[in-house]
Amino acid sequence: MTTIDLPSITPGVRAIRPARHAAAAPVAPVAAIAVAASAAGRRPSLVQRLASLLGTVFMVLAVVAVLFFAIGPRFLGYQTATMLTGSMAPEIVPGDVVVTTLQPVGEIAVGDVISYHIPVEDHRVETHRVVEVIEGAGGATAVRTKGDANASVDPWLATLDGDSVYEVAAVIPQVGNAIRALRTPLVSHVLVYGIPAVLVGSLLLMIWSRPGGADDEDADDSAITAGTGASRPAAGSADVPTLDRSILENLGEELSSQAGALQFADSFVAMLPQRIAAVEDAFAARDADSAVVALLSLNVSASMVGASRLEEGSSAAMEVIDRPREHAAVIARLRVLGAEFQAALGGIIR
């Protein structure tokens, strides 16, 4: 970065100021331009600020989506589903996401909206309003339901098995349309490859805009560069590295601590079993929306810590969401890639 010694410029300006000739006038503007250029050099450019803001927004949205759609249902006991038909209009329309929570069967009453497996045809999950509750002689509870927009009651009597049933607690308008859009090949590829690129690009711009350099790093921050273990491939190699150190090093520079980057990567490894389990659960439930969210979470987080092969594997998994026969092989592959990254990271941390 070019700097200007302002005290050395000031006397020159003062020496010229007494002369009242027109030829002396341009000197002050030149000094002002030089000072402005120096100040601009110290501030991030508009492009850099926009890239940083976009990266932050994408990250916040990704974290919120993962917490709500992938992590929350596993630990907080609720479920989410996208409404596909207009049978519950106008309260719930196609594209809305319904959030359901477990309620005791004995507390279900007429007027409640529940999600349950219908007892006929393909036993699909239906979300309709209870219009009649029937208590059986053996203690079993059965219900008749109806869609608010339907002219007649559903042509079946559904027995509620177990002690609880999912009741609609909230409706999130139109979010389901966005999730379904993620499943289209074009959008999924843009998100899978575009979001990590934006995040990495914003990190690089933030690093390049910093006035300081690597000279301020502590001695402990040399762990990544000096460590052993898996590293980036040799020049010209077409292989994707298990662990791309350059990404991890850039993250360390942005955090001003390579040790902090290693700790972040270690936390990623600790969360891997849960992230892969979320993908597996979504596959088992044939819930494509949840599978997209879980795979995006895995892909973005893997790209941030340099788990390049795992990032590539999660991208490939997006393409087989609708092919159940390949799900088991995909999960096994993700676990292998996760173990390889853990071993590579362990070689650096030791």
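Values in this text are rule-based calculations from the coordinates and carry no lab data. Please read all numbers here as calculations on a predicted model, not as lab measurements. Here the Cβ is made from the backbone with ideal geometry for all residues, glycine too, and neighbour counts use every protein chain on show.
Extension gain for GLU319 to ALA332 (0.36 nm times residue separation, less C-alpha to C-alpha distance): 3.1 nm. The peptide list 246-254, 132-140, put in order of mean Cβ contacts within 10 Å with the highest first, becomes 246-254, 132-140.
In plain terms, the residue of HIS128, HIS117, HIS123, HIS327 with the fewest other Cβ atoms within 10 Å comes first and the most crowded comes last, giving HIS123, HIS117, HIS327, HIS128. Using the Karplus relation 6.51 cos²θ - 1.76 cosθ + 1.60 with θ = phi - 60°, the per-residue 3J(HN,Hα) values for the stretch 273-283 come to x, 5, 5, 5, 4, 5, 5, 4, 5, 5, 4 Hz, with x marking Gly and Pro. When each of VAL143, VAL171, VAL113 is scored by the number of other beta-carbon atoms lying within 10 Å, the sequence from fewest to most is VAL171, VAL113, VAL143.
Subtracting the Cα-Cα distance from 0.36 nm times the residue separation, let me have the gained length for GLN274 to LEU84 in nm, one decimal. Write down the numbers at each step before the final one.
Working: separation 190, 0.36 × 190 = 68.40 nm, distance 2.86 nm.
Between GLN274 and LEU84, full extension yields an extra 65.5 nm.
Computed from point charges on the beta carbon alone (+1 for Lys and Arg, -1 for Asp and Glu), the dipole magnitude for the stretch 97-172 about its Cα centre is near 140 Debye.
Once label points are set 7 Å from the Cα along Cα→Cβ at both ILE349 and GLU132, what is their separation, rounded to one decimal in nm? Result for the modelled spin labels: 6.1 nm. Counting neighbouring beta carbons within 10 Å and listing from fewest to most, the residues PHE75, PHE341, PHE264 come out as PHE75, PHE264, PHE341.
Across the alpha-carbon atoms of the stretch 97-172, the computed radius of gyration and Dmax are 11.8, 38 angstrom. With both labels modelled 7 Å from their Cα along Cα-to-Cβ, the ALA178 to LEU67 distance reads 1.5 nm.
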